[in-house]
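Readers should treat all values here as calculations from the given coordinates under stated rules, not as data from a laboratory. Quick caveat, the model's predicted, so the values are computed rather than measured. As a convention, Cβ positions derive from the backbone with ideal geometry for all residues, glycine included, and neighbour counts pool all protein chains shown.
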Amino acid sequence: MAIDPELNLFHSDPALLRRSDPDDYERAAEALAALADPERLALLHALSVGEDSPQRAAVWAGIPQTAAERELAALTLAGVVERRDTPHGPRYLPRDGHLVVQLHVALAHGRERRLMERRQPRFLGSQRRRAVG
């Protein structure tokens, strides 16, 4: 089954429709691993909606400020976010829009999974009752 380039979100880069070099997959896994933490995801989400200081991002994300500062430093070292020093203190922003898209896709999958988990026990329960009755 061929992918219709008109329906592909990444149609501006046709290389994404071909197999990549093994190093590209390694770097992609590293990028995903850098985000694979609930606090980091919440902070990236906070930054994507404009909460750019560690204090504001921490409040928005619902985590302690010390944890936010530690995670923002780690995300900066991983190249996920950029730090800019201002007279009012450091400001952080996502390095590029791809990471924000990645965040929103992951959140959508998480919400979908939660909905599926809610439906599944009822489905299994109704099957068991029929089998017993």
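In the P(r) worked out for segment 34-132, what percent of Cα pairs fall beyond 18 Å? Spell out each step's value before the answer.
On the way: 2527 of 4851 pairs.
Value for segment 34-132 (Cα pairs over 18 Å): 52 percent.
What residues have an amide H closer than 5 Å to that of Arg91, excluding those fewer than 5 places away on the same chain, when H is modeled at 1.01 Å from N in the peptide plane?
Arg84, Asp85, Thr86
Can you give me the C-alpha center-to-center distance between segment 52-76 and segment 86-111, rounded to a whole angstrom?
12
List the residues whose amide H sits under 5 Å from the amide H of Val81, counting only those 5 or more places along or on another chain, with H placed 1.01 Å from N in the peptide plane.
Excluding prolines and chain starts, which carry no amide H, the hits are Thr76, Arg95.
Tell me which of Gln55, Gln102, Ala78 sits at the most positive position along the dipole axis of segment 34-132, charges placed on C-beta atoms (Lys, Arg +1; Asp, Glu -1).
Gln102
Compute the length gained on full extension between Ala31 and Glu82: take 0.36 nm times their separation in residues and subtract their Cα-Cα distance, giving the result in nm to one decimal. Don't jump to the answer; show the numbers that get you there.
On the way: separation 51, 0.36 × 51 = 18.36 nm, distance 1.47 nm.
Extending this stretch completely gives an extra 16.9 nm.
Go through segment 52-60 residue by residue and turn each phi into a ³J(HN,Hα) via Karplus (6.51, -1.76, 1.60, θ = phi - 60°); whole Hz please, and just put x for glycine and proline.
Running phi through 6.51 cos²θ - 1.76 cosθ + 1.60 with θ = phi - 60° gives 9, 8, x, 5, 5, 5, 5, 4, 4 Hz.
By counting other Cβ atoms within 10 Å of each Cβ, how are Ser53, Ser48 ranked from fewest to most?
Ser48, Ser53
About the Cα centre of segment 34-132, how large is the charge dipole given +1 on each Lys and Arg Cβ and -1 on each Asp and Glu Cβ? Please answer in debye to the nearest 20. Could the numbers behind the result be given before it?
Working: 16 positive and 11 negative charges, 200 e Å.
Charge dipole, segment 34-132, about its Cα centre: 960 debye, nearest 20.
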